[in-house]
Amino acid sequence: MPSTRALPAGANYQETFRFAAEHPEDFWRQQAQKLEWFQFPETILSKDENGIDRWFADGEMNTAYLALDYHVENGRADQTALIYDSPVTGKKARYSYLALRDQVAKTAGMLADLGVGKGDRVVIYMPMIPEAAIAMLACARLGAIHSVVFGGFAPHELAVRIEDAEPKVLLTASCGIEIEKVIAYKPLVDKAVMDSRWKPDNVVVWQRNECRASLDHERDRDWSALLANSEPVGCTPVNATDPLYILYTSGTTGKPKGVVRDNGGHAVAMKYSMDAIYNVTPGEVYWAASDVGWVVGHSYIVYAPLIHGCTTIMFEGKPVRTPDPGAFWRVCDEYGVSILFSAPTAFRAIKKEDPDGKHLNQFPMDSLRQIFMAGERLDPPTLEWVEEKTGRPVVDHWWQTETGWAISSNPLGVESFDIKPGSSTKPTPGYQVEVLNEAGEPVPAGQQGYIAIKRPMPPSCLPTVWRNHDRFETGYLSQFPGYYVSGDGGYIDEDGYLFVMGRIDDVINVAGHRLSTGEMEEVVGGHEAVAECAVIGIHDDLKGQMPLGLVVLKDGYHSENGSIEAELVEKVRQQIGAVACFKRAVVVSRLPKTRSGKILRRILRQIADGESYTVPSTIDDPSSLEEVSNALR
Ligand code: COA
Ligand code: AMP
């Protein structure tokens, strides 16, 4: 018998937080009621066959319906749903909700003609063009599962994802454009498909004028030609717990993890976040300056703004050099953006090129209310610069691919707090965040530890790793029973503010992009001359962190004029991609280790960053530290 408890309208943060923690089913039922379900769930929270908490298990819905058809049927048909602004091609376009729905329905028809149906996977390797969002929504319409791969990843990374996701179809474009560099995608896709043990039935190519791809394999298809012959299809009902997408993210090993996102919990969390966190009204323009290849792009370029009835923007450019550091402000001004969301690194790039805000001053940005940042720690100087120059409040909020939305934030739609620089404010209602010690016990306020989320996690958080549930259990759940371990360390202060200080594993954040040093070590260690290596993330003023490889060569190998270092840099670029930003390898004769053979990575990082460090008593050979210091000098 469902209870009828409801959170009263206008409840403050404390009331909302407590209600969500004490009555999660009532809280999330109430949020779910804000969406149009085909079949409203009777079961709000239950356990699946793995004992994992699942939301809305018997609900039936379709995410693309919520994002498009619902609005077309409810008065938003003519409202702009999506704006495409591409300084790299000079193109601009607008799609109304009706036009976008029709494009998506036809594209879904095209995929259906290629045999794609509910539960089938489709890999999307695309630049920031509307067809990328259309492809995602078309998959959602069919109940197919998309897996978007960021365009900056090399063929090897794409191949790994193809092999794991086993897509029926791969959708791509002939090229991406990085400022003035045209990057032909088709040869990269061909190589990935060649290297992968799994072959998609078809590779469908969106031809761009900047570079036409030759469609010379039997499996190749021309997107426009297929579309011309396809018929629009309707929305396939799916269960709330059916996967909407798989998004691969870096873990501590070479193999990326396929984070699985469900349909129902995700839609409910997206809708709730637009109200509670971003405090944005349907009809407003919401811009996440990111890429659809990352979780920010999935959640806040495509799904949340559309489910909420906002106008979203796909910007095919950079914060700088497209054409200048005024790009973000120009877009905010031109389209009446209310909420801007990007990574701190983007603003550091702007600050570096326009420290006095001369470009910014050209654009009044009358509609801009608020700026949100995530993806990496927001350093106080960047926060202060952005607030001072734009005159707009900035919110730092913390989240992960695994959750799909903010774990902690200043929840403006619930209650607006004074911010503390360096803090992502307070746990979002629905999340119970605790800081734990090695033994899994909560630590006192102000003390650092593992940041963990008490289960059940709220809707949208991953229920598993694609076809590798063990990895979900061992990587996130088994360390502290009853908790999900985030991989980040930090503390909660006496006022309940959360400070996320950084990863406690081998994951680094480079320009807001999440990368695995373990994966880079596998690539570097695979070079014939390398005996052993350590890749660490060191501080970088612009990108937050940059990888640095310390390498010990096998006997008999010598690096002539840095030739081996250069080969290693090229090897990482070829295998992982330019986005890894692995630009520096340094040869040393040995790595500092404990007597049990563990590389002292933290100390390596401290040496590289010029910080003071304590030599541990367990060190095998203290003189190895001096040698590393000299090599890095
Ligand atoms: N396709 C192909 N290559 C790509 C790519 C893509 N989609 N995205 C990045 N790359 C390449 C870049 O061209 C660059 O190549 P290079 O080594 O030949 O110069 C390399 O990958 C590194 O890219 P990046 O780290 O983005 O550096 P940058 O100097 O080009 O730009 C910033 C720096 C700060 C402007 C940029 O990183 C940025 O805008 N960051 C915002 C981060 C963001 O959106 N994060 C998402 C979470 S909110
Ligand atoms: P991703 O899964 O790519 O979104 O990266 C998630 C990781 O980025 C987190 O685990 C953090 O390490 C880092 N991160 C994201 N947002 C923040 C933030 N606001 N403050 C500190 N770190 C952040």
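The values are calculated or read from the model by the stated rules, or taken from the named source; none is laboratory data. Small disclaimer: the values here were computed from a predicted structure and weren't measured. We place every Cβ from the backbone using ideal geometry, glycine too, and count neighbours over all the protein chains shown. Note: accessible area is taken over every heavy atom of the protein model, side chains too, but ligands, DNA and RNA are not part of it. Shrake-Rupley method; radii C 1.70, N 1.55, O 1.52, S 1.80 Å.
Numbers for the structure displayed
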{"quantity": "Odd one out for GLN370 among (1) over 18 Å from ALA276 (Cβ atoms); (2) within 16 Å of ligand 1 (Cβ to nearest atom); (3) not charged (D, E, K, R)", "calculated": "(1)"}
{"quantity": "Qualifying residue in segment 178-194 (condition: surrounded by fewer than 22 Cβ atoms within 10 Å (Cβ to Cβ), within 19 Å of LEU227 (Cβ to Cβ), at pLDDT 95 or above and more than 16 Å from ligand 2 (Cβ to nearest atom))", "calculated": "no"}
{"quantity": "Enumeration of residues in segment 95-131 that are touching a Phe, Trp or Tyr at 6+ places or on another chain (Cβ under 9 Å), part of a helix (DSSP H, G or I) and within 20 Å of PRO167 (Cα to Cα)", "calculated": "THR107, MET110, GLU131"}
{"quantity": "When residues of segment 102-130 are limited to those that are within 19 Å of TRP206 (Cα to Cα) and among the basic types (Lys, Arg), the one most open to solvent (accessible area, probe 1.4 Å)", "calculated": "LYS106"}
{"quantity": "Some residue of segment 44-63 being over 26 Å from the mean Cα position of the chain (by Cα) and surrounded by 19 or more Cβ atoms within 10 Å (Cβ to Cβ)", "calculated": "yes"}
{"quantity": "Which listed residue, of GLY297, GLY254, GLY283, GLY234, is outside any strand (DSSP E or B) and within 16 Å of ligand 1 (Cβ to nearest atom)", "calculated": "GLY297"}
{"quantity": "Considering residues of segment 564-609 that are among the hydroxyl-bearing types (Ser, Thr, Tyr) and open to solvent by 50 Å² or more (accessible area, probe 1.4 Å) only, the residue modelled with the lowest pLDDT", "calculated": "SER596"}
{"quantity": "Matching option when the condition is within 16 Å of ligand 2 (Cβ to nearest atom) and of a type in the set (A, V, I, L, M), among VAL203, VAL259, VAL233, VAL238", "calculated": "VAL259"}
{"quantity": "Flag if PHE27 is part of a helix (DSSP H, G or I), touching a residue at least 60 places away in the same chain (Cβ under 8 Å) and open to solvent by 10 Å² or more (accessible area, probe 1.4 Å)", "calculated": "no"}
{"quantity": "Conditions (1) surrounded by fewer than 22 Cβ atoms within 10 Å (Cβ to Cβ); (2) touching a residue at least 40 places away in the same chain (Cβ under 8 Å): number failed by LEU215", "calculated": "(2)"}
{"quantity": "Exclusive hit being surrounded by 22 or more Cβ atoms within 10 Å (Cβ to Cβ) and touching a strand residue (DSSP E or B) at 6+ places or on another chain (Cβ under 9 Å), set ALA93, ALA133, ALA99", "calculated": "ALA133"}
{"quantity": "Criterion violated by THR614 - all others in (1) in contact with an Asp or Glu (Cβ under 6 Å, 6 or more places away or on another chain); (2) modelled with pLDDT under 95 satisfied", "calculated": "(1)"}
{"quantity": "Residue check for LEU378: in contact with an Asp or Glu (Cβ under 6 Å, 6 or more places away or on another chain), within 28 Å of ILE407 (Cα to Cα) and within 16 Å of ligand 1 (Cβ to nearest atom)", "calculated": "yes"}
{"quantity": "Qualifying residue in segment 216-231 (condition: within 16 Å of ligand 1 (Cβ to nearest atom), more than 26 Å from TYR65 (Cα to Cα) and part of a loop (DSSP other than H, G, I, E, B))", "calculated": "no"}
{"quantity": "Unmet requirement for GLY234, which otherwise passes all of (1) open to solvent by less than 30 Å² (accessible area, probe 1.4 Å); (2) over 28 Å from PRO319 (Cα atoms)", "calculated": "(1)"}
{"quantity": "Matching option when the condition is aliphatic (A, V, I, L, M) and in a loop (DSSP other than H, G, I, E, B), among LEU7, LEU66", "calculated": "LEU7"}
{"quantity": "Of all residues in segment 378-396 being outside any strand (DSSP E or B) and crowded, with 23+ Cβ neighbours inside 10 Å, the one that is farthest from ligand 2 (Cβ to nearest atom)", "calculated": "VAL386"}
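Table: residues versus (1) open to solvent by less than 10 Å² (accessible area, probe 1.4 Å); (2) within 14 Å of ligand 2 (Cβ to nearest atom).
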residue: MET270; (1), (2): yes, no
residue: THR281; (1), (2): no, no
residue: TRP294; (1), (2): no, yes
residue: ILE301; (1), (2): yes, yes
